[in-house]
Amino acid sequence: MISFILMVNKQGQTRCSKYYEWLPMEERTALEAEIIRKCLSRSELQCSFIEYRGYKTIYRRYASLFFIVGTRPDPLSIENGSGVGGENRENELGLLEFIHNLVEIMDKWAGSICELDIMYQLEEVHFILDEMVMNGFIVETCKGATLRPIDLLERESRKGEAMFK
Amino acid sequence: MLGHDGSFGYIKAVELAASSSIIHKRTGYLLCSACLAPSHEFRFMLVNQMQRDLSSSSILEICASLIAVTSIITGDMVPAMQSLVLKMLDHNSEIVRKKAIIAMHRFHQLAPESVEKQELVEKLRKVICDRDPSVMGSSLNVIESMAAVDPKPFKELVASLISILKQIIEHRLPTDFEYHRVPAPWIQMKIIRILAALGKNDSNASNGMYEILGETMKKADVGINAGYAVVYECVRTITCIYPNSTLLDAAADAISRFIQSKSQNLKYFGVTGLAAIVESHPQYAEAHQMSVIECLEDRDETLQRRTLDLLYKMTNPVNVQFITGKLLDFLRGTTDSFLKEDLTTKVCSLAERYAPNNLYVETITELFAISGEFVSQEVSQQLMTLIAEGAGEDEDADADTILRQHSVTIYADLLEKPIAKLPQLLIETMAWVLGEYAYLSADYTLEEILNKLCELVRKGKQLKESTRKIIVTSIMKLVAQAGTCPPQAAKIIDDFSKSKNQDLQQRCIEFQNLITCAPHMLGEVLPVDASCEDIQVDPDLSFMDAYVSQAIANGAKQYENLDDDDDDDDYDLTGSAKASVFKMTPYAKPTAPGASYTSSSMGGVGSNSPHIAGTGGAPPSGSYNHSQHNGITSANTTAPANEPQLNVRNVANVWGKKPANLPTSTPIAPEPGNFSAPVPAPVPSNNWSTTTSSYSTQQTSQPPSESVKTEEQLRKERMAAALFGGSAPSNAPGIARRRAPRTTVAAPVAPTLAPVQAAPTGPAPVVLPPTHPAPAPAPVVDLLDFMDDSTPIQTSAALDVDVLAPSPIEPAPVADPIHEEPAVPTKPDDPFAASGLFDGFSDAPLSSLQADSTFEHNGQSLVPLTITTAQFGEKWGSVPHASPISTPSSKCTTLDSFMDVCKSVGLYNIEAIPATNEGICGGMVGGTELVLIHGKISGSGISTKVDVTIKSTDATLGRCLAMYMQNLIR
């Protein structure tokens, strides 16, 4: 399952982070810093996957922004020790394409996505991620189905504003 | 928050979640789920709000709540939310349904006791058939996660999953689901992954999957990453489910394309895919030797790690040495503790899997040196057992000796190195091995080793007590073996007899007494090579009975159990460190009361009654040194005697084989006044069980690449040879390891390649239509070097048929391969008539216009076969291929007209039976192919119907004739 999704820029500043399992704040900062350092040290010619602290991490770079997805074996299968137990069965290439899909969706949402869009509409980015990933699973990948609720949400809030005015 | 504590704002976030504005509400929930720790009390404050939102009429509010549920709820909140979420599974909106099923899964993860698995599975069955593909897609996540743990409840879903997958790959989902023209790649991957879990070790379930997997793989192979991801998923599933050779070949093909790809990402997939496939089918690895070597040397660390994983999976007895060497190299170079741990486990498991092997000692020793902190106790335990017991089954004493000798050499060399860097465990193992088997050393004498050990103790100020104890015990053992006590050893033992550690002190004092009073007993107390032997202990102290009864007869008091007598100084002394530990259970009641005794020198005991059992060289320090408490009259001193006995057993079980019932000295009743400890028991200090080994570079097997530094290519080839089952590096330490000497590097590679190339040519001749000898697959044949042979053989074989089957009646054997290709109406006996083939076929309907023309097949006309009815009957059964026609006829309204038609075709009218309106005819084509026809006319006038059965030795011929005749009759 997906444990975290990060958007970090080249300077190492986290623009957006979403965790699907609990990590204390200090650990999050440490983890983000180390992962981005690893990503930055890799060249274009190397593959887009890093193994780090037991996480299988997949990253993709768009201009100055890194999209990073960290995965971990399903906690349920570890506990039981049976089945595929403990082994991380995530498909790295699938997740790499998932990142691209996410970026395409965000592109559609913001016109032409850039770092500033993520910075200033952070909650909306989170809402998009909420539609696409739940509890560490990819639940939605269609552009239309993902953006529809976001659109609804926006319209709904505008209605509310109008009422106040 | 920018490095500052933001916890002051959490309460605002909770308030925000209660806001009426949906955007505010979502933001509030978002903040809470991102910031509140699982144990945070604010989480409880949100439960009420989430419940309210779930019952809201607005889809958006329900969604907000469902999203929050998955990240905010904890195990004990599940019952509060469960029923509400359950209702949402039937909600009208698909957005709600797809979230609800994930939330249910989350509940199941958190509180399996309140969300029953059975219940969830039922729900899933319903949800997977949802009319909305998104809902189905999200339910797949849940199924995947649950099926990985327990596939059973989902077995019956295989068929539905396959049909879903089929619909997807046929592009039947809305176009919105397509990603770069690949239909719903993530849903595809999920289904394929679930199939893997369901088809594992289940040939029934797997059978149904083969077709769809092949098809999915074909359709997904469109040259973009999303497609490759699906292909890779298929590969993994194929290797996971019950094997199917066609699919495995396809998978291997995909892997080889991946691994040879320029893209690093795909290369990564090639290596992981190969790792998945070689585990069960090692033969597929051979084709990619060089690529694997290149990946191993790639500068990309991720790729290297994956390659190591691959190596680990393809280990066999031949290449294990090389591979462990590689793993250790990598281990040495890394600092990542997760990787270190992982590699250490891998090396251990490899070493164990191929255990009775000299390599084992070295490997584990080196492992200790590199990453001692990750080596588990069992591993060290096993190492010592192996050294002590030898390889095992065949009682090959020589091999055992060589193994021990080898380990002694390793450890003796290790002594030369500065000990500061060595982990304590390693030193302990080293000391134990030297103490037990130092006499086997070829390079050093006992005294030399003894001196070194003394040096070690003297210098080792930082050594732990337990380690020191073990070294001192080893020194004692060596002294016993050597027969003399060199001054250094004596000094050390003397020093430690004043040690603060009681156990150590006791050991030393005992030893001093032994050596001064009964030097001849040393060999018995500390025997050579007896660590595997069991120590027999008499827990009842029955040997004391005589003494006790005598004492009682002399007027001594009967023993009384004085459990609570804890102010006895002697108690602490005798029980050593152990007895002072608070015990929850009372000591076993001694059966024989020891009235009083005075212990005298051990010498007296030893000379008269050997109570000291052969203790297998274990340190004697656990025994009660009664020489220390002269004239103590204490009943309860005997009580703790039970304790070390129990421990002795534990130790023996850990170290030894099965209880060997070795001759232990059965105690004879001691003479009064001469009482000694019943057993000199070894002290089972915890540290004993752990082990260490030593690290010795010069002994480490060098990979061949390092031994010969010639040109790069050659080196890689050697590595490949070492890896891929060829041979192992030859410069390994010269211990009795039977291994075929490697003469040439290329040798092991060549034979493996040859069959690979040869393989396709095997089936090739079969595939080749014999009528097209010229366009044989040239590249394959080229490689093979026998092009000249292969094709002509094929042709001549086909031509031979004429000669070999002179009897026109027998069905020609060559007919069979042609049935498989009915589209090609070819005849094997005429390879050069290729052009005429199709003409004959397509002409058939045309020629029906000319009523008189006889039937031709492959340019050979049908000739009448003059036989009798009886002969016809005989052959009817033997002719294999029947082509029935049943057609209403306007032309053949009578039997006679039918027989005329048959005659015009070129058949011989054997008999016409007007009574039943039946007729039989016979014919032959090309002198070999037989045609037999039976016709029956029924009805009359316009409603006349003709039923004809054409039997022929050649199926194509029969079909052609049937079609031809049908046109004539109609």
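The values are calculated or read from the model by the stated rules, or taken from the named source; none is laboratory data. The shown structure was predicted, so the numbers you read here are calculated from the model rather than taken from an experiment. Note that each Cβ is placed from the backbone with ideal geometry, even for glycine, and that neighbours are counted across all protein chains shown. Side chains are part of the model used for accessible areas, which takes the heavy atoms of the whole protein and leaves out ligands, DNA and RNA. Shrake-Rupley method; radii C 1.70, N 1.55, O 1.52, S 1.80 Å.
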Problem set entry | Extension reserve of the B:Phe44-B:Ile224 stretch, reckoned as 0.36 nm per residue once the Cα distance is removed | 60.1 nm
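Just check segment B:94-174 against the gyration tensor rule for me: Cα atoms, a ≥ b ≥ c as the square roots of the eigenvalues, rounded for a/c under 1.5, and otherwise prolate or oblate depending on whether a/b exceeds b/c. Could the numbers behind the result be given before it?
Working: a/c = 2.53, a/b = 1.48, b/c = 1.70.
Oblate, because a/c is 1.5 or more while a/b does not exceed b/c.
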For this session: Compute, for B:His934, the solvent-accessible surface of its heavy atoms (probe 1.4 Å) with the complete set of protein chains present, and express it in square angstrom to the nearest 10.
Result: 50
Exercise. With every protein chain in place, what's the accessible area of A:Arg42 (1.4 Å probe, Å², nearest 10)?
Worked result: 40
Problem set entry | Cα→Cβ-extended label distance, 7 Å offset, between B:Lys155 and B:Glu297, nm | 5.0
Exercise. Based on DSSP H runs of at least 4 residues, each adding -39500 (n - 2.57), what is the mean residue ellipticity at 222 nm of chain A after dividing by all its residues, to the nearest 500 deg cm²/dmol?
Worked result: -15500 deg cm²/dmol
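With a cut-off of 8 Å between alpha carbons and a minimum separation of six or more residues, what is the relative contact order of chain A in percent?
Reported as a whole number, the value is 21 percent.
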Seminar exercise, completed: Which of A:Glu104, A:Glu92, A:Glu26 fluctuates most in a GNM of chain A (C-alpha springs under 10 Å)? That residue is A:Glu26
For this session: Mind running the shape call on segment A:1-151? Use the C-alpha gyration tensor, a ≥ b ≥ c as the square roots of the eigenvalues: rounded below 1.5 for a/c, prolate if a/b tops b/c, oblate otherwise.
Result: oblate
For this session: Return the long-range amide H neighbours of B:Tyr179 (sequence gap of 5 or more, or a different chain), with a cut-off of under 5 Å between placed amide H atoms.
Result: B:Ala184
For this session: Scan around B:Val879 for amide H atoms under 5 Å from its own, H built in the peptide plane at 1.01 Å from N, and keep only partners 5 or more places away or cross-chain.
Result: none
For this session: Report the label-to-label distance for B:Glu455 and B:Ser897 in nanometres (one decimal), using points 7 Å from each Cα along the Cα→Cβ vector.
Result: 12.0
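Rounded to the nearest 0.05, what FRET efficiency is calculated for B:Ala556 and B:Lys500 with R0 set to 25 Å and r the Cβ-Cβ distance?
Computed FRET efficiency for B:Ala556 and B:Lys500: 0.10.
With a sphere of radius 11 Å drawn around the Cβ of B:Tyr284, what net charge do the other residues whose Cβ falls strictly inside it have (Lys, Arg +1; Asp, Glu -1)? Present the calculation step by step, with values, prior to reporting the outcome.
Details: positive: none; negative: B:Asp249, B:Asp253, B:Glu279, B:Glu286.
Result for the local shell: -4.
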Seminar exercise, completed: Under 5 Å from the placed amide H of A:Ile138, counting only residues 5+ away or on other chains, we find none
For this session: Report ³J(HN,Hα) in whole Hz for each residue of segment A:131-148, in order, from the Karplus equation J = 6.51 cos²θ - 1.76 cosθ + 1.60 where θ = phi - 60°; Gly and Pro get x.
Result: 5, 8, 10, 10, 6, x, 10, 7, 9, 9, 10, 6, 5, x, 5, 6, 7, 4
Exercise. Sorting B:Asp253, B:Asp202 by accessible area (1.4 Å probe), largest first, what list results?
Worked result: B:Asp253, B:Asp202
For this session: Within the set of other residues whose C-beta is less than 12 Å from the C-beta of B:Val230, count the net charge using Lys and Arg as +1 and Asp and Glu as -1.
Result: +1
Exercise. What list of ³J(HN,Hα) couplings, whole Hz, do you get for segment B:83-90 from phi and the Karplus terms 6.51, -1.76, 1.60, once you set θ to phi - 60° and write x for glycine and proline?
Worked result: 5, 5, 5, 4, 5, 5, 4, 9
Seminar exercise, completed: Reported to the nearest 10 Å², B:Glu447 has, with a 1.4 Å probe, an accessible area equal to 80
Problem set entry | Distance between modelled label sites at B:Thr484 and A:Ser157, nm, 7 Å Cα→Cβ extension | 9.3
Exercise. If you add up the charges near B:Leu895, with Lys and Arg at +1 and Asp and Glu at -1, over every other residue whose beta carbon is less than 14 angstrom from its beta carbon, what do you get?
Worked result: -1
